[in-house]
Amino acid sequence: WLSNEIAMEFAKAEGSAFVNGNGTNRPKGFLTYTATSETDAIRAFGSLQYVPSGAAGSFLASNPQDKLIDLVQALKAPYRQGAAFVMNSATLARIRKFKTADGAFLWQPSMIAEQPATLLGYPVVEAEDMPDIATDSLSIAFGNFQAGYVIAERNETNILRDPFSNKPFVSFYAVKRIGGAVTNSEAIKLMKF
């Protein structure tokens, strides 16, 4: 039971850090890097490209799905293999309602066990630490995170049992060393609202 609880707490903290971490005593999150609309050819190393949504704090009123296609196409073809969307559940709820001109949903639920549902043919990762759609927010990420973001993790989690400090209770302290950073800014794109 204890190991499951510790693993769950570490997973929450790691997920938050991989998105928004400041790099001090935690991984540096991909949203903390400089974001610019400049393309890969002219963008400074270490900054991420964003695609504007076309409307302040929202999607365009007509054909909002077009900007999602622009986001996918902004990523170079080799990185699209293995790419995924990353967004929170509130953003995903809005996107799941998008339809094509013939009335088909862009969101396709999975019909096979343990296969993710897809958006424009790419899996979607729900990360609650991604910001909600608002003016100047970077609410959607799309990319091949395996190619663009490195996670350095030591294998063991150290657990210290302390029966003395808080008698009659026993305290447990768990420590895990992990780091993360963007290593290839061409492999991750963002959408700015």
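The values are calculated or read from the model by the stated rules, or taken from the named source; none is laboratory data. Note that the structure is predicted; figures quoted are calculated from it, not measured. Don't worry about glycine lacking a Cβ; one is built from the backbone with ideal geometry, like all the others, and counts go over all protein chains shown. Note: areas computed on protein heavy atoms with side chains; ligands, DNA, RNA excluded. Shrake-Rupley method; radii C 1.70, N 1.55, O 1.52, S 1.80 Å.
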Could the peptides 157-168, 6-17 be put in order, highest first, of the mean number of other beta-carbon atoms found within 10 Å of their residues?
6-17, 157-168
Roughly how far apart, in whole Å, are the Cα centres of the range 112-137 and the range 40-105?
11 Å
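Do you know the relative contact order of the range 82-193, to the nearest whole percent, from alpha carbon pairs under 8 angstrom that are 6+ apart? Don't jump to the answer; show the numbers that get you there.
Values: 193 pairs, mean separation 31.4, N = 112.
Dividing the mean separation by the residue count of the range 82-193 yields 28 percent.
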Rounded to the nearest 0.05, what FRET efficiency do T34 and S171 have when you use their Cβ-Cβ distance and R0 = 25 Å?
0.05
Could you give the angle, 0 to 90 degrees to the nearest 10, between helix 2-20's Cα long axis and the longest principal axis of the Cα atoms of the chain?
40 degrees
Relative contact order of the range 146-193 (C-alpha contacts under 8 Å, at least 6 apart) in percent is 47 percent
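How much accessible area per residue does the chain have, counting only protein heavy atoms and a probe of 1.4 Å, in square angstrom? Walk me through the intermediate numbers first.
Numbers: 11160 Å² over 193 residues.
Value returned for the chain: 58 Å² of accessible area per residue.
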Relative contact order (%) - the range 1-54, alpha-carbon pairs under 8 angstrom, separation at least six:
20 percent
GNM on the chain, C-alpha springs below 10 Å: top fluctuator among P109, P52, P131?
P109
So what's the back-of-envelope 222 nm ellipticity for the chain, counting only DSSP H runs of four-plus at -39500 (n - 2.57) apiece and dividing by all residues, rounded to 500?
-6500 deg cm²/dmol
GNM result for the chain, Cα springs below 10 Å: residue of F169, F142, F30 fluctuating most strongly
F169
